[in-house]
Structures are given as structure tokens and as C-alpha cells.
Amino acid sequence: MSRPDACTLIGILDDGWAGLSDRARRRLAAADLVIGAGRTLDLVRPHLAAGSVTQNMDGALGRLPEWIAAARSAGRAVAVLATGDPLCHGIASWLTGKLGLASVDIMPAPSTVQLACARFGKSWQTLRIASCHAADAGEWFIGATPAHGLYPVMRAIALQPLVAVFTGPDNNPARLARALIAAGYGDDEVRLSVACRLLLPDEQLFPDLRAADAAGREFPLPNVVLVERLGGCGQPVFGLDDGEFEQRTPDRGLITKQEVRAVSLARLRLAADAIVWDIGAGSGSVGLEAARLAPLGHVWAIEKNAADAANARANAQRWRVGNYTLVVGKAPAQLDTWPDPDAVFIGGSGGELGELIRLVIGRLKAGGRLVINLVTLENLAGALDALAASDAAWDIVQLQASRSQPILDLHRLVAQNPVWIVTARKEEE
């Protein structure tokens with residue numbers, strides 16, 4: 001319902017006045033003050049009332065609430081122009097947070113995402129929207145952290161078969177295509193459809209491009225990209241076989257076995273957005289499956305052996321795990337640069353187990369969990385001493401599994417080494 005004294009936030013597209021509803025035109029014609037980016041003001045200026053004033057907000061978005069408040073205090077009607085649907089990666093949520101929902105009357109235009117889907121004939125009810133319309137993010141690389149400007153887009157593409165991406169001059173469709181190639185998406189797995197300068201006389205459409213075809217191409221601005229995963233998102237999330245991981249040779253087996261991995265991950269109790277530390281990553285088996293179980297979170301891993309770290313990175317690329325960052329080093333080095341974790345797995349300590357336990361318990365978020373795999377009595381005793389000193393609640397599971405193995409035309413069970421799985425919990429505050 002419209003409120004007579006409210007500021008009117010009007011969505012507008014590049015077809016300008018012609019694309020506005022009659023209601024939006026009446027509000028603009030009655031406005032004493034019209035605020036917008038220079039480009040949007042140019043679209044409506046010839047149609048405004050003779051006595052109205054325009055205010056360019058380019059580079060001054062933060063002053064928008066004070067301009068609106070001052071005008072309303074003086075009894076002046078205010079209209080603000082925004083691109084497309086202001087509630088879709090626009091300023092509406094920010095503005096209503098500053099002024100209150102009752103002070104803003106929102107009149108959206110169709111989103112450019114809707115227009116792009118219409119142009120390319122893509123049903124969009126299950127589409128995910130992401131944006132990299134921001135400062136220059138640089139090229140994508142394996143192991144990028146959430147601080148990278150393309151991270152939200154790359155995570156959305158990993159999780160959703162169809163993603164609409166708002167691009168920018170630097171983070172453009174070509175850079176996005178190169179990021180997909182770097183992440184391991186092949187030509188038979190992904191397509192990009194680029195809609196440029198929608199509703200303008202020189203509108204251009206580039207449907208169903210392979211990433212390699214888009215990677216070196218220039219596209220007119222502004223544009224929006226639809227990224228479609230041809231194979232969907234059908235990879236297994238959990239339960240990879242040990243043999244599916246690259247491992248150190250010739251001494252294969254430096255890997256947390258599937259049975260122990262399954263119980264350890266269950267004990268971590270990962271939320272979808274968990275921040276996870278993997279200390280002593282080895283071949284990356286625990287950390288990579290943790291990343292897949294926490295698709296909205298991120299795993300930070302450290303491994304002191306360069307050959308094992310190389311295997312872990314190869315495994316991350318093979319399984320296209322994009323929310324995983326691995327560093328080569330010996331913990332606790334570099335842990336001070338990582339965000340506080342929800343869950344920590346220690347698969348190897350390099351002789352620093354007691355120090356690591358004290359550090360982790362101190363950094364764990366309230367309610368977080370530490371899971372440690374141990375195979376020697378001495379390390380078990382040291383871990384329990386450190387946990388007792390930290391006043392953490394803990395328990396132990398001893399796991400010893402056997403696997404079937406053929407012997408002639410029969411089968412026997414071959415025992416694996418027993419493992420102690422120690423779980424410590426940080427109490428809720």
C-alpha cells in the first residue's frame with residue numbers, strides 16, 4: 001500500500017521513461033526532489049515537473065538517507081531511482097534499513113535477470129543470483145579464500161545448475177569464463193549466455209558460449225551472464241573411496257581411511273556454513289569431504305609435506321572443491337591468520353600436539369568441536385593431558401575395521417590398524 005509521505009524508490013531500466021508504469025511516472029512527475037545516478041537521471045529529466053530538483057548520487061550513496069530526511073522534513077516529495085528491481089542486489093534493503101520500511105515505497109521494474117532469462121528462453125524459478133559487480137577481484141585461482149571477489153559467484157555455480165551473474169567492467173564475462181576453466185569445468189559441462197545492453201537499441205545477445213570461447217572475448221557493457229551447468233550437480237557429496245584420492249607413492253596409504261574418515265566427520269557435526277580447520281591434511285581426504293559437507297562454509301588446511309600437499313591440491317581440483325584453501329607449513333604456523341573455526345580436525349601434529357590442542361580450544365567458537373585421530377599410546381596420553389589442562393569436555397571412540405579381501409575363490413577379512421578418535425567440545429557460552 002502506498003504511503004503519501006513516503007520516499008518512492010523506483011526501479012528503472014535502460015528503456016527509461018517508456019518502460020515505467022503509469023504509477024511510477026505519476027510519482028516522478030509529482031516529485032520535488034529526484035535522486036539517482038547520473039545515467040538514470042538523464043533517462044527521466046525531460047519528463048520531470050518544471051520546479052523539481054535532481055540530485056546526482058554517484059560517489060555519494062552514503063548521503064542518500066540524509067538528503068531524503070531533509071527533504072521530507074521540509075514537506076517535499078522525494079523519488080529515488082534505482083536500476084531494475086531495487087530488492088535484487090540493489091539499494092532497497094540498505095535504504096529501508098536506514099529509514100525504516102514504512103518510510104520507503106518500493107516500485108520495482110523487472111530485473112535484468114528476468115529479461116536475460118526471457119531473451120534466452122531459460123526458466124528461472126530455480127535460478128540462483130550472484131554478483132561480482134564490484135572492485136577488480138583479480139583472476140581466480142585454486143585455493144582462493146572467501147575474500148576473493150569472485151568467491152560468491154564460484155560457490156553459487158558449484159551448487160546450482162543455473163546461476164545469473166551481475167558482472168562489472170573488471171569482473172567481466174571473460175574473467176568469469178577463465179575462472180570456470182581454472183576451476184576445472186570442461187567444455188561439455190558449462191555454458192555461458194551473455195546479455196549485453198538490454199533494452200537499448202544496440203542490445204546484443206551471445207547464447208550458449210563455451211567457456212573457452214568467452215574467455216578471451218570483449219562484451220559490451222553493461223551485461224548479465226547466465227551460467228548453466230549441463231550435467232547438473234550430481235557429484236557424490238560424501239563417501240569417496242580411498243583409491244579415488246591421489247596419495248603418496250610408493251608408500252600408498254598415507255590417508256585417513258574411509259571408515260575412520262566417516263566417523264571423524266560425523267563427530268565434527270558440520271553445519272552447512274561451517275568454518276573448518278584441517279591440521280595435518282595429508283592427501284586432503286578429511287578436509288575435502290568436510291568442504292563438500294559444508295558447501296556454504298570454507299576449509300583451511302595445512303600440511304608440512306610438500307608432496308602430500310601437492311596431492312591434496314590435485315584432489316581438490318579433481319573433485320572441484322572450491323571452498324578449500326591449503327598452505328604448506330608446520331602448524332601452528334599460519335593458524336593465527338585463519339578465522340576462528342566451528343570445527344577442527346587434527347590428523348597429524350608434527351610433534352606439537354599439546355600446543356595445538358591448547359591453541360585450538362582457545363580459538364574454537366562456542367559449541368565447536370575438535371576431533372583428533374591417534375594411533376599411538378604416547379600421543380593418546382599427551383592428548384588427554386592437554387585436554388584435561390584445558391577443561392574441555394571430551395570422549396574417545398576406538399575404531400578398528402576389517403575389509404574383505406579375496407583369497408583364491410574365497411574371501412577373508414583383513415584388519416586395519418586401530419585408531420582412537422578423540423572428540424573435544426567447547427561449551428556454549
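Overview of values
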| quantity | calculated |
| --- | --- |
| Any chance Ala314 is touching an Asp or Glu at 6+ places or on another chain (Cβ under 6 Å), among the aliphatic types (A, V, I, L, M) and either more than 20 Å from Leu356 (Cα to Cα) or without any contact (Cβ under 8 Å) to a residue 12 or more places away in the chain (or both) | yes |
| Some residue of the stretch 122-141 being of a type in the set (Val, Ile, Thr), more than 19 Å from Ala214 (Cβ to Cβ) and over 14 Å from the mean Cα position of the chain (by Cα) | yes |
| Residue match in the stretch 241-250 (condition: closer than 23 Å to Tyr151 by Cβ and of a type in the set (Lys, Arg)) | no |
| Flag for Val78 being farther than 13 Å from Ala24 by Cα and in contact with a Leu (Cβ under 9 Å, 6 or more places away or on another chain) | no |
| Residue count, the stretch 5-54 (criterion: exposed (fewer than 15 other Cβ atoms within 10 Å of the Cβ), hydrophobic (A, V, I, L, M, F, W, C) and either under 23 Å from Ser103 (Cβ atoms) or in contact with a Lys or Arg (Cβ under 6 Å, 6 or more places away or on another chain) (or both)) | 4 |
| Elements of type strands (runs of 3 or more DSSP E) contained in the stretch 148-265, each with 3 or more residues being without any contact (Cβ under 8 Å) to a residue 12 or more places away in the chain | none |
| Residue among Asp32, Asp85, Asp42, Asp58 that alone is among the acidic types (Asp, Glu), within 27 Å of Val165 (Cα to Cα) and touching a Ser or Thr at 6+ places or on another chain (Cβ under 8 Å) | Asp85 |
| Within the stretch 330-429, strands (runs of 3 or more DSSP E) holding 1 or more residues that are more than 23 Å from Ile302 (Cβ to Cβ) | 393-399, 402-407, 410-415 |
| Among (1) buried (at least 16 other Cβ atoms within 10 Å of the Cβ); (2) closer than 14 Å to Leu9 by Cα; (3) of a type in the set (A, V, I, L, M, F, W, C), the one test that Cys117 misses | (2) |
| Criterion violated by Gly62 - all others in (1) under 36 Å from the mean Cα position of the chain (by Cα); (2) surrounded by 12 or more Cβ atoms within 10 Å (Cβ to Cβ) satisfied | (2) |
| Tabulated pairs, the stretch 270-282, first buried (at least 24 other Cβ atoms within 10 Å of the Cβ) and aromatic (Phe, Trp, Tyr), second in a loop (DSSP other than H, G, I, E, B) and at pLDDT 95 or above, C-beta under 7 angstrom, 6+ apart or interchain | Trp277/Trp338; Trp277/Pro341 |
| Inter-residue pairs, beta-carbon under 8 Å, first free of Cβ contacts under 8 Å to residues at least 24 places away in the same chain and in the stretch 405-419, second outside any strand (DSSP E or B) and surrounded by 11 or more Cβ atoms within 10 Å (Cβ to Cβ), 6+ apart | Ala415/Gln400; Ala415/Ala401 |
| Residue within the stretch 296-305 that is of a type in the set (Gly, Ala, Ser), within 22 Å of the chain's Cα centre (by Cα), part of a helix (DSSP H, G or I) and modelled with pLDDT of 95 or more present | no |
| Residue within the stretch 137-160 that is more than 16 Å from Val190 (Cβ to Cβ), among the charged types (D, E, K, R) and at pLDDT below 95 present | no |
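The values are calculated or read from the model by the stated rules, or taken from the named source; none is laboratory data. A quick note: this is a predicted structure, and the numbers were derived from the prediction, not measured. FYI the Cβ positions are ideal-geometry reconstructions off the backbone, even for glycines, and counts take in every protein chain you see.
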